[in-house]
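Following: one structure in structure tokens, then a few remarks.
The values are calculated or read from the model by the stated rules, or taken from the named source; none is laboratory data. This structure is a prediction, so every number in the text was calculated from the model and none was measured. Cβ sites come from the backbone with ideal geometry, for glycine too, and all protein chains shown count toward neighbours. All accessible areas refer to the heavy atoms of the entire protein, side chains included, with ligands and DNA or RNA removed. Shrake-Rupley method; radii C 1.70, N 1.55, O 1.52, S 1.80 Å.
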Amino acid sequence: KLAMEFPSEDIFLMTASPVIKAITNFKQVSRTLEEFDVEEQPGSLLEKRYPNIRVIQSEVKQLKSEEHKIFTEDGKEYIYEKLCLCAGAKPKLIFEGNPYVIGIRDTDSAEAFQKNLAQAERIVVVGNGGIALELVYEIEGCEVIWAIKDKAIGNTFFDAGAAEFLIPKLTAEKRETAIACKRTKYTMEGREKKEGTTAASDKLGSALGPDWHEGLHLKGTKEFSHKVHIEILCEVKKILLQQEFVQLQRTSLTFPKEEKNEEPDEVLWPIYVELTNGKIYGCDFIVSATGVVPNVKPFLDGNNFALGEDGGLKVDKYMHTSIPDIYAAGDICTASWEPSPVWHQMRLWTQARQMGWYAAKCMAADTLGESIDLDFSFELFAHVTKFFNYKVVVLGKYNAQGLGLDHELMLRCTKGQEYVKVVMQNGRMMGAVLIGETDLEETFENLILNQMDLSAYGEDLLNPNIDIEDYFD
């Protein structure tokens, strides 16, 4: 965007990774919903397309904002007029520095995970967001103990009802063929790999996009397909290496065959997880899929950035940080303007793309001395993805975020086919979750945006025999 706006200016893109993420096959599904592929490409492709862009592959060592300078790890310095920080976020590991704990956030960590899984008989997955959901669904031939701190799976995206709708897919032995994947294929092309070297977990790879597991062979050693046991309302209290476990003479449990069937395990595992509910399970390794923290550390030293409660760089509605000439976009930033009643920030690919595009518009407007309005994409939270082979659309305050008790829910569910939930407040639609091929996303998007009073329709709003689209198109 910047390269197009300012063809005669030099634009530097600094990246720690040898590849850059490019958005391809972009498709505007509706006014606010968008689908796209995220592809890894060598930086040279971008340079070919835009002659005024230079891609510099080096980590940032230090930012000196008062001098308008950036120092890179390879010992060079660069002077900027305007700077946009888009360094993303890092996985929030439950325990740092333990070789048996793997965080999944980027393509390097997904590769490391795949190697480990090939030898694994049992793993423990900790976390309840999008990556944990996809992981647990995709893994075959390996026992999975899934520890979640909530009552139901997928708490970031769903309520307990939606979780109930999805659970049968986890226990289904026979896997249906996947619906055509419309998004990412991850390759590690253009990358010299030294034999025997593995990506250190503190090195930053590029963040995973939607459908990150496509093309990864997620299969353990066992011959069965799915074996998942969910431990709810618990967190990891302690991790014990095999030696500590033996010394302390603790007892661990076998993989539960039925809910009440808790037998001691005879097998010795490399690592043991003690949960806050008192149970101990042994496993080959632990996957920490417990969210992310904004990657602000390289930029804080000597710079007085205002930070949000979640640790991100605070940005105003023009994507400015608190330091002149520095902007931020994507996972690293915290939106600190007064949001629309049906929008909230969530560290997702869709928002990162929108913020990056909008930040470039703001930088351009600033440079040219023009005024700019807040981008339309911040009017309504809208995200489309795929879980357990179902299309999933979430709109607005889909989990009644911030609405307190002053709301009601309406549901329509056809087992194995679709799950529709709308969040209503004072007769107006505030949010929706659509699982399956419902074809309701555009209608509901319009109803949330125009805040029409729907009281008169009552329960009929979700009546499958009434074509709701005809009413409101």
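Here the extension length gained between residue 365 and residue 459 equals 29.1 nm, from 0.36 nm per residue of separation less the Cα-Cα distance.
In the context of the full set of protein chains, residues of segment 382-471 present 44 Å² of accessible surface per residue (probe radius 1.4 Å, heavy atoms only).
Rg/Rh for segment 333-473 stands at 1.02; both radii use Cα atoms, and Rh follows the Kirkwood definition.
At a Förster distance of 51 Å, what's the computed FRET efficiency of residue 300 paired with residue 160, Cβ-Cβ distance as r, to 0.05? FRET efficiency, residue 300 to residue 160: 0.85.
In the assembled protein chains, residue 320 presents an accessible area of approximately 50 Å² (probe radius 1.4 Å). Surface listing: 165, 26, 71 arranged by accessible area from highest to lowest gives 26, 71, 165, probe 1.4 Å. Look at the alpha carbon pairs under 8 Å that are at least 6 residues apart: their mean separation over the length of the chain gives a relative contact order of 16 percent.
With unit charges on the beta carbon (Lys/Arg positive, Asp/Glu negative), name the residue among 451, 384, 324 whose Cα is farthest towards the positive pole of the charge dipole of the chain. After comparing all options, I get 324.
The accessible area of residue 455, taken with all protein chains in place and a 1.4 Å probe, comes to roughly 80 Å².
Given the Cα-Cα distance of residue 64 and residue 408 and 0.36 nm per residue of separation, how much length would full extension add, in nm? Intermediate values should be presented prior to the final figure.
Details: separation 344, 0.36 × 344 = 123.84 nm, distance 5.06 nm.
Additional length available on full extension: 118.8 nm.
Take the Cα of residue 266, step 7 Å toward its Cβ, do the same at residue 235, and the gap between the two points is 3.7 nm. Each Cα pair under 8 Å and six or more residues apart adds its separation to the average, and for segment 382-471 the resulting relative contact order is 25 percent. Of the whole protein surface, residue 357 contributes about 110 Å² of accessible area at a 1.4 Å probe radius.
Once neighbouring chains are kept in place and the probe is 1.4 Å, which whole percent of the accessible area of the chain is contributed by carbon and sulfur?
Answer for the chain is 49 percent, counting heavy atoms of protein chains only.
Separation of segment 272-351 and segment 115-137 by C-alpha centroid, Å? If you average the Cα positions of each part, the centres end up 23 Å apart. In this simple spin-label approximation, residue 35 and residue 119 carry label points 7 Å from Cα along the Cα→Cβ vector, and these lie 4.0 nm apart. Amide H contacts of residue 269 (H built 1.01 Å from N, in plane; Pro and chain starts excluded): no residue 5 or more places away or on another chain comes under 5 Å.
What's the ranking of 114-123, 82-91, 382-391 by average number of surrounding C-beta atoms within 10 Å, highest first?
In decreasing order of mean packing, 114-123, 82-91, 382-391 become 82-91, 382-391, 114-123.
Can you tell me how the chain classifies by the Cα gyration tensor, rounded, prolate or oblate, using a/c under 1.5 as the rounded cut? Oblate shape, in that a/c is at least 1.5 and b/c is the bigger or equal ratio.
Once you order the gyration tensor axes a ≥ b ≥ c over the Cα atoms, which shape class does segment 59-173 get: rounded for a/c under 1.5, otherwise prolate or oblate by comparing a/b with b/c? Prolate is the answer for segment 59-173, as a/c is 1.5 or above and a/b outweighs b/c.
Per-residue extension of 0.36 nm, minus the Cα-Cα distance of residue 52 and residue 451, leaves a gain of 139.2 nm for this segment. Between residue 1 and residue 466, the modelled labels are 4.0 nm apart [label points 7 Å from Cα along Cα→Cβ].
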